[in-house]
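The values are calculated or read from the model by the stated rules, or taken from the named source; none is laboratory data. Computed from a prediction, not measured in an experiment: that's the story for all the values here. Cβ placement follows ideal geometry from the backbone for every residue including glycine, while neighbour counts extend to all protein chains displayed. These accessible areas exclude ligands, DNA and RNA; they are computed on the full protein's heavy atoms, side chains included. Shrake-Rupley method; radii C 1.70, N 1.55, O 1.52, S 1.80 Å.
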Amino acid sequence: MTSTPPGPRAPSQPPLRLVRPASGREDQRAPQHVLLVVTGSVAAYKAAPLARALAKAGAEVRVVLTRSAVEFVGPATFSGLSGRPVESDMFGSHAGGELHVALAAWADAILVAPATADFLARLATGRADDLAAATLLCATCPVLVAPAMHPTMWSHPATQRSVATLQSDGRCRFVGPVDGEVASGDSGVGRMAEPEQILAELLPLVTPQDLAGLHVVVSAGPTVEDLDPVRFVSNRSSGKMGFALAERAARRGARVTLIAGPVDLPTPPSVLRVDVRSALSMQSALHEALGPELRSADVLIMAAAVGDYRADAEHPTKLKSHAPVLKLALHKNPDILADIGRARTGRRPLLIGFAVETDSDARVIELARAKLVAKRCDAIVANHARDSLGQDDNRVTVITNETTEPLPRADKGWVADRILSFVAARLGDKGK
Ligand code: CTP
């Protein structure tokens, strides 16, 4: 009788990077599991902010430290940041079974940061001589590796051989190393990529790509209407809500164009940003992004607080302050969203407006509903100025012709994801 050798273990996690059907319920799904493997490099201290940022982005994080990583960073730091015990030992805290198998099955993605030359060599040769290496040998999920080492070690043919082997195996991808100063004070390619760059590569791996293939245009921030070379009329919008929408949409696979009024916020990864100043310049940038007959975008989210009025003309020199009363004649700006709503012929682009109001909750919803109809939007996100302007969090109600959905007060990133889940569901329902 012949026996068949056991085949490769079936992956016990669903494969990632799938375009999952848009259910609109993505935000209620279990948090994604990220296993952070830290190996023994001075750059190990940079893994702590990474663990924190991952947890902040909603991932559940577990950490494996190699024995040499423990020489650089303390397990207590990582257990504090991840809220879970840190593993180093093959026969560690796991009650029964094989810890490396359990960790590999648990992970939706594995991040090795920093990855030393030694660890790359062990990975490339399939070693399983400690918990970190054995877990990676078991892993079927996406693996992102952030090498960190002295430039001479990185450029050594042995290390380059390891990298080439790992790349041709197709089981992991690399971020960095980058050119810069390393721990010894020398410079060259070997420095670990910055945590922001690593996160920008990792988060899409653990985020359902339900907006892949879509062009999402977002407007954000205030507009500014200049009166003279030193004065202007504007509003208190910080741009945080629009930037969060752009960032999350890109993370979910969309091609994103962000039309930003004057704000001091970093451009989210993979987002095309167009800076504008006045309402008229925002209008022309939006028309450029939406293309002829609005055919170039699938979704427009108007999170910008567009100034309703502008000065007659910008005074070329500073207005003098002799008069006891200054009367300003302001002219109405175009209502950009309403004009687009009127010009739209089919279902594209899906139009999401915002309404910032200052009344009671009931009246906020009533006023927002009137804007939904007047501007011919698919949805209006209603919020109170006190809850939203300049804040890191927001309390909004998403209003459509059929529904009124109040969301709890939450971080603007979370609110953005809920709005985008609505977008994904709408486009899913009505044909992508
Ligand atoms: N909007 C726009 N063009 C304008 C004014 C507003 O496109 N000139 C858009 C905003 O980006 C937002 C929505 O219209 O998506 C509602 O903006 P809001 O400031 O709440 O209301 P207004 O339309 O300006 O009305 P009011 O100031 O009377 O409340």
*Could you give me the residue pairs with C-beta distances under 9 Å whose first residue belongs to region 320-331 and is without any contact (Cβ under 8 Å) to a residue 24 or more places away in the chain, whose second residue is among the small types (Gly, Ala, Ser) and surrounded by 10 or more Cβ atoms within 10 Å (Cβ to Cβ) wherever it lies, and which are 6+ apart or on separate chains?*
Ala329/Ala311; His331/Ala311
*Go through the residues of region 70-82 one by one and say whether even a single one is at positive phi and not hydroxyl-bearing (Ser, Thr, Tyr).*
no
*Check whether at least one residue in region 106-125 is farther than 29 Å from Gln160 by Cα and in contact (Cβ under 8 Å) with a residue 60 or more places away in the chain, and report yes or no.*
yes
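Out of all the residues in region 190-207, which are in a loop (DSSP other than H, G, I, E, B) and open to solvent by 10 Å² or more (accessible area, probe 1.4 Å)? Even if it seems obvious, please write down each step before you answer.
Kept after step one, since they are in a loop (DSSP other than H, G, I, E, B), are these residues of region 190-207: 192-194, 207.
Those that are in a loop (DSSP other than H, G, I, E, B) and open to solvent by 10 Å² or more (accessible area, probe 1.4 Å): Glu194, Thr207.
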_Looking at region 238-251, I want the residues that are buried (at least 24 other Cβ atoms within 10 Å of the Cβ) and have a partner that is of a type in the set (A, V, I, L, M, F, W, C) and at pLDDT below 95 with Cβ atoms under 6 Å, at least 6 apart or on another chain. Which pairs are those?_
Arg251/Leu203
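Being buried (at least 16 other Cβ atoms within 10 Å of the Cβ) and either assigned by TED's automatic domain parsing to the domain that holds Ala244 or not in a strand (DSSP E or B) (or both) is the requirement here; does Leu272 meet it? Let's see the steps before the verdict.
Details: buried (at least 16 other Cβ atoms within 10 Å of the Cβ): no; either assigned by TED's automatic domain parsing to the domain that holds Ala244 or not in a strand (DSSP E or B) (or both): yes.
Spelling it out, it is not the case that Leu272 is buried (at least 16 other Cβ atoms within 10 Å of the Cβ) and either assigned by TED's automatic domain parsing to the domain that holds Ala244 or not in a strand (DSSP E or B) (or both).
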*Members of region 274-288 found to be in contact (Cβ under 8 Å) with a residue 24 or more places away in the chain and under 23 Å from Gly253 (Cβ atoms), listed by number*: Leu286
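Among what's in region 275-322 and is of a type in the set (S, T, N, Q), in a helix (DSSP H, G or I) and buried (at least 16 other Cβ atoms within 10 Å of the Cβ), pick the residue that is nearest to the ligand (Cβ to nearest atom). Can you show your working first?
Taking region 275-322 and keeping what is of a type in the set (S, T, N, Q), we get 278, 281, 283-284, 296, 317, 321.
Going one step further and asking which of them are in a helix (DSSP H, G or I), we end up with 281, 283-284.
Filter once more, keeping what is buried (at least 16 other Cβ atoms within 10 Å of the Cβ): 281, 283.
Working: Ser281: 13, Gln283: 8 Å.
Among those that are of a type in the set (S, T, N, Q), in a helix (DSSP H, G or I) and buried (at least 16 other Cβ atoms within 10 Å of the Cβ), it is Gln283.
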*Somewhere in region 409-417, is a residue farther than 24 Å from Ile340 by Cβ, touching a Gly at 6+ places or on another chain (Cβ under 9 Å) and open to solvent by 60 Å² or more (accessible area, probe 1.4 Å)?*
yes
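If we keep just the residues of region 164-189 that are in a helix (DSSP H, G or I) and within 28 Å of the chain's Cα centre (by Cα), which is surrounded by the most Cβ atoms within 10 Å (Cβ to Cβ)? Full working, then the answer.
Applying the first criterion (in a helix (DSSP H, G or I)) to region 164-189 yields 164-169.
Adding the requirement that they be within 28 Å of the chain's Cα centre (by Cα) leaves 166-167.
Numbers: Leu166: 20, Gln167: 14.
Here the answer is Leu166.
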*Within region 357-390, tally of residues that are near the ligand (Cβ under 8 Å from one of its atoms) and modelled with pLDDT under 95*: 1
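Condition check: aromatic (Phe, Trp, Tyr) and crowded, with 23+ Cβ neighbours inside 10 Å. Does Phe232 satisfy that? Give the derivation first.
Values: aromatic (Phe, Trp, Tyr): yes; crowded, with 23+ Cβ neighbours inside 10 Å: no.
No; evaluated as a whole, the condition is false for this residue.
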*Residue under evaluation Asp339, criteria (1) closer than 30 Å to Ala244 by Cβ; (2) part of a strand (DSSP E or B), criterion not met*: (2)
*asked:* Name the residue that is most open to solvent (accessible area, probe 1.4 Å), counting only residues in region 252-263 that are modelled with pLDDT of 95 or more and part of a loop (DSSP other than H, G, I, E, B).
replied: Pro262
*Just one of the numbered conditions (1) open to solvent by 40 Å² or more (accessible area, probe 1.4 Å); (2) at pLDDT 95 or above; (3) under 23 Å from Lys240 (Cα atoms); (4) small (Gly, Ala, Ser) is not true of Gly353; which one?*
(1)
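Kindly establish whether Pro157 is surrounded by fewer than 24 Cβ atoms within 10 Å (Cβ to Cβ) and out of contact with any Asp or Glu (no Cβ under 9 Å at 6 or more places or on another chain).
Details: surrounded by fewer than 24 Cβ atoms within 10 Å (Cβ to Cβ): yes; out of contact with any Asp or Glu (no Cβ under 9 Å at 6 or more places or on another chain): yes.
It is true that Pro157 is surrounded by fewer than 24 Cβ atoms within 10 Å (Cβ to Cβ) and out of contact with any Asp or Glu (no Cβ under 9 Å at 6 or more places or on another chain).
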*Hey, Arg348 hits all of (1) open to solvent by 20 Å² or more (accessible area, probe 1.4 Å); (2) over 23 Å from Thr223 (Cβ atoms); (3) within 13 Å of the ligand (Cβ to nearest atom) but one; which does it fall short on?*
(3)
*Mind counting the residues in region 362-396 that are free of Cβ contacts under 8 Å to residues at least 24 places away in the same chain and either charged (D, E, K, R) or crowded, with 18+ Cβ neighbours inside 10 Å (or both)?*
7
